[in-house]
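Notes follow once the structure below has been shown.
Since every read-out is calculated from the coordinates, none of them should be taken as a lab result. All of these numbers come straight from a predicted model, not from anything done at the bench. Heads up, the Cβs are rebuilt from the backbone with ideal geometry, glycines too, and the neighbour counts pull from every protein chain shown.
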Amino acid sequence: MKAIVFHQHGAPDVLKYTDAPEPTIRPNEVLVRVKACALNHLDLWVRQGLPNVSIPLPHIPGSDVSGEIAQIGADVTTVRIGQKVVLAPGVTCGKCAACLSGQDNRCRQFTNLGYMIDGGCAEFVRAPEVNCLPYPENLSFEEAASIPLVFQTAWHMLVGRAEVQPGEDVLILGAGSGVGSAAIQIAKFFGARVIATAGSDEKLQKAKQLGADHLINHKTQKIRDEVRRITSKRGVDVVVEHVGTATWEDSLSSLAASGRLVTCGATTGYDAKLDLRFLFSRQLSLLGSYMGTKSELHTVMKLVASGSLKPVVDRVFPLAEAAAAHAYLESSSQFGKVVLKV
Ligand SMILES: [Zn+2]
């Protein structure tokens, strides 16, 4: 089969469009003929290499897959050959206490398609049967592939961890990112008031179309000052963080008393400062969030099928141009998802 393969970590040009062996499925797995694979920041980290993580090489990246079932293992009972499918990105043991309690994103063996195992930047990918999600018929393959990773991440942050409530004020950083554009829709779905930030007015207008109530251009405005102005000095109940060092202080200072900051990443760096007096006297909560559960993703897919949540596709590249797609995502000029069409 044709696939995007890298033999060493590095810049986008390590990604080669080449021949690779078709995956062999196990009895509890399916083989999916990939139609589209959406990119995530995770793909950039995996390609560049992560400290203390040894990714098996050569490697096929890609976590967000839509396609058709091409083959099923002997034990597979819930999907048929030819059926359209979206894959949940998280692959777990399915047997530990965390998995059995439905908290499969806490499984010690948790990985994603395209992370410690081969992913979907290829004509075929193998995945466990339990990763097959119902296909939302209202979406194209490119749109469907844009849903899983960022929507499960944003859902777990806002619903699973921060427990957002109707009427609350939510600050969402980086509205142009996949997580940001998903978080705006989820926060609005729960009846929150959304303040979104982005680095250009063009992106802010798109955030507004997704439902954001207030907009902050973080290149020309100071986030904490604008939040104070918009909330009449009160601050917000929830901050959705994934930017890291560059925005950390603004995020903390934007919280109202008893506010919750939930973070799923640190694209600009891991170093963060915290004044403990501020943490306890204002009774703040700092919440870490990692991916999402398959159960949450099933809920997300229902809301996608009913049109309540919508994929945001920025640009589609052919699979062979994965290197260009990575470089484009690295430039942060996108609003929403960058997708490879297979
Ligand atoms: Zn497990």
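Values for this structure:
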{"item": "Cβ-placed point charges (K, R +1; D, E -1), dipole of the chain about Cα centre in debye, nearest 20", "result": "660"}
{"item": "For the chain: rounded, prolate or oblate by the Cα gyration tensor [a/c cutoff 1.5]", "result": "prolate"}
{"item": "Built amide H within the under 5 Å cut-off of Gln109, gap 5+", "result": "Cys93"}
{"item": "Cα-based reach from Lys341 at 18 Å (exclusive), listing lysines while leaving out same-chain residues under 8 positions away", "result": "Lys2, Lys16, Lys35, Lys84"}
{"item": "Under 5 Å, built H, 5+ apart or other chain: amide partners of Arg193", "result": "Gly167, Glu168, Asp169, Val170"}
{"item": "Cut-off under 5 Å, modelled amide H: who pairs with Val313 long-range", "result": "Lys337"}
{"item": "Partners for Lys233 among lysines (Cα-Cα distance below 16 Å; same-chain residues under 8 apart left out)", "result": "Lys222"}
{"item": "Kirkwood Rh, angstrom, the stretch 152-280 [1 / mean 1/r, Cα pairs]", "result": "14.2"}
{"item": "Relative contact order (%) - criterion: Cα under 8 Å, at least six apart; region: the stretch 247-342", "result": "22"}
{"item": "Charge dipole (the chain, unit charges on Cβ, about Cα centre) - positive-most of Cys107, Ala3, Thr231", "result": "Thr231"}
{"item": "Dipole-positive endmost among Val86, Tyr135, Gly191 within the chain (Cβ charges, Cα centre)", "result": "Gly191"}
{"item": "Count of lysine pairs in the stretch 267-339 with Cα separation under 19 Å (8 or more residues apart, or interchain)", "result": "4"}
{"item": "Value of relative contact order over the stretch 296-342, rounded to a whole percent, pairs C-alpha under 8 Å and six or more apart", "result": "42"}
{"item": "Computed over the chain: relative contact order in percent, which uses C-alpha pairs under 8 Å that are six or more apart", "result": "19"}
{"item": "Antiparallel content of DSSP bridges confined to the chain, in %, to 5", "result": "55"}
